[in-house]
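Asker: Below are the structure tokens for one structure; questions will follow.
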Amino acid sequence: MKRLSLSMLFILVAVMLLPFDSAMAQTGIDALTMTTSEDGEQTYSVSLQIVALMTVLTLLPAALMMMTSFTRIIIVLAILRQALGLMQTPTTQTLLGLALFLTFFIMAPVFNKINNDAIQPYINESLGMQDAAIKAGEPLRDFMMSQTRAADVNMFASIAGDDGYESVADVPFTVLVPAFVTSELKTAFQIGFLLFIPFLIIDLVVASVLMSMGMMMLSPMIVSLPFKIMLFVLVDGWNLIMGTLASSFYV
């Protein structure tokens, strides 16, 4: 009881010492305001803009994976590691870093256009927040539509209950993003299938040789691994993989 009474006393003293502004209580916090300009555009206060920016930053990893080339690259690299038979080499962190910087390289024209058309005009206060968001979405929309199959767009449009779209600008992001991810997954698995074929042939040849020699207890994966690494190095595999992935977005 003594501890409880002491804690209550401290709380009462702290409340009494807090400053209280009656004007603030009546008018509210001025930092969270919204003003309407003469042309009808609504402008939010800096505090609300910061809150919106922090919210967008929490969604940045999902946007990076779902709206850029990152998905295709990381899946192809993971399939390549599996085809080589190297479970931990290169490490997952290495593959993620490689996929991330290759994504920045591929998406550089899109990011530059977003910066020039949306971010810089918004910073210079020549463009409103809503108009800047619309301008920033246009380059992403063009990029995703160029990599998305029409069948995938039509499938999600029919699920959403839409009959069709007259132009690219009419496709909403709620339809475009899942259609883009579906197309990227299909393309990534197609590239991965082609990568698997030469390494699978090596595994089959090594397994047949070991079976014919009666080496039943020797794992074919151990014997075929040096040959697969040697083949990958001789054909300059990393150069081919990186070049093919980068050029596949601009065909």
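Bear in mind these aren't lab numbers, they're just calculated from the coordinates by the rules spelled out. Everything quoted here is computed from the prediction, not taken from an experiment.
Asker: Which ³J(HN,Hα) values, rounded to whole Hz and listed in residue order, are derived for segment 126-140 from phi using the Karplus coefficients 6.51, -1.76 and 1.60 in 6.51 cos²θ - 1.76 cosθ + 1.60 with θ = phi - 60°, glycine and proline given as x?
Answerer: For segment 126-140, the Karplus curve yields 9, 9, x, 5, 5, 5, 5, 5, 5, 5, 5, x, 5, x, 5 Hz.
Asker: Can you give me the Cα centroid spacing of segment 58-137 and segment 157-184 in angstrom?
Answerer: 21
Asker: Find the percent of Cα-Cα distances in segment 156-215 that exceed 19 Å, and round it to a whole number. If you can, show how the numbers build up before the last one.
Answerer: On the way: 1025 of 1770 pairs.
When all Cα pairs of segment 156-215 are counted, 58 percent exceed 19 Å.
Asker: Another question about this same structure. Would you work out the Kirkwood radius for segment 97-148? I mean one over the mean of 1/r across all pairs of different Cα atoms, in Å. Mind showing how you got there, number by number?
Answerer: Values: mean 1/r = 0.0853 Å⁻¹.
In segment 97-148 this quantity evaluates to 11.7 Å.
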